[in-house]
1. Spot the failing condition for Val31; the list is (1) assigned to a loop (DSSP other than H, G, I, E, B); (2) among the hydrophobic types (A, V, I, L, M, F, W, C); (3) in contact with a strand residue (DSSP E or B) (Cβ under 6 Å, 6 or more places away or on another chain), and only one is missed.
2. Restricting to the range 67-80, count the residues that are touching a strand residue (DSSP E or B) at 6+ places or on another chain (Cβ under 8 Å) and under 18 Å from Pro32 (Cβ atoms).
3. Any residue that is out of contact with any helix residue (DSSP H, G or I) (no Cβ under 9 Å at 6 or more places or on another chain), on the phi < 0 side of the Ramachandran plot, among the polar types (S, T, N, Q) and in a helix (DSSP H, G or I) - is there at least one of those in the range 45-53?
4. Suppose we filter Ala92, Ala87 for residues that are farther than 17 Å from Leu9 by Cβ, small (Gly, Ala, Ser) and surrounded by 15 or more Cβ atoms within 10 Å (Cβ to Cβ); which single one remains?
5. Quickly run through the range 68-84 and pick out the residues that are surrounded by 14 or more Cβ atoms within 10 Å (Cβ to Cβ) and in a helix (DSSP H, G or I).
6. Tell me whether the range 39-62 contains one or more residues that are surrounded by fewer than 19 Cβ atoms within 10 Å (Cβ to Cβ), modelled with pLDDT of 95 or more and over 23 Å from Pro11 (Cα atoms).
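The values are calculated or read from the model by the stated rules, or taken from the named source; none is laboratory data. Fair warning: this is a prediction, and the values are worked out from it, not measured in the lab. Neighbour counts are summed over all protein chains in view; Cβ atoms, including those assigned to glycine, are modelled from backbone coordinates with ideal geometry.
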Amino acid sequence: MFDESLFKLHPRVREFLESGVRAIIFDLSGVPHCDSSGCGEMIGVYTTIRKGNAAVAFVNLTPRVRVLWERINVTKIFDVFDSVLEAEHFLATTASPQE
């Protein structure tokens, strides 16, 4: 995920938001590491989602990604969970449909 394909993520997230999606979960279980470009892109995507009045959660961070995100303090901003079920519960209680 943290390669050239990452930069396709932002436009896709915008499409989701424009179609009415109000909650997004990113499962990072298949992401072995995250470089500065990947971190910057995820912060940008997070900002876009929140500005779009939607909720976002990140799940299943691999140890290397978790250590990096804790080191740069994004885990204090991002909602991070150990499972998709936990994230779904969180989003069900925080994401509100727009009228």
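1. Among (1) assigned to a loop (DSSP other than H, G, I, E, B); (2) among the hydrophobic types (A, V, I, L, M, F, W, C); (3) in contact with a strand residue (DSSP E or B) (Cβ under 6 Å, 6 or more places away or on another chain), the lone unmet condition for Val31 is (3).
2. Qualifying residue count, the range 67-80: 2.
3. Yes, there is a match, as at least one residue in the range 45-53 is out of contact with any helix residue (DSSP H, G or I) (no Cβ under 9 Å at 6 or more places or on another chain), on the phi < 0 side of the Ramachandran plot, among the polar types (S, T, N, Q) and in a helix (DSSP H, G or I).
4. Exactly one of Ala92, Ala87 is farther than 17 Å from Leu9 by Cβ, small (Gly, Ala, Ser) and surrounded by 15 or more Cβ atoms within 10 Å (Cβ to Cβ), namely Ala87.
5. Selection gives Leu68, Trp69, Val74, Thr75, Val84.
6. Within the range 39-62, one or more residues are surrounded by fewer than 19 Cβ atoms within 10 Å (Cβ to Cβ), modelled with pLDDT of 95 or more and over 23 Å from Pro11 (Cα atoms).
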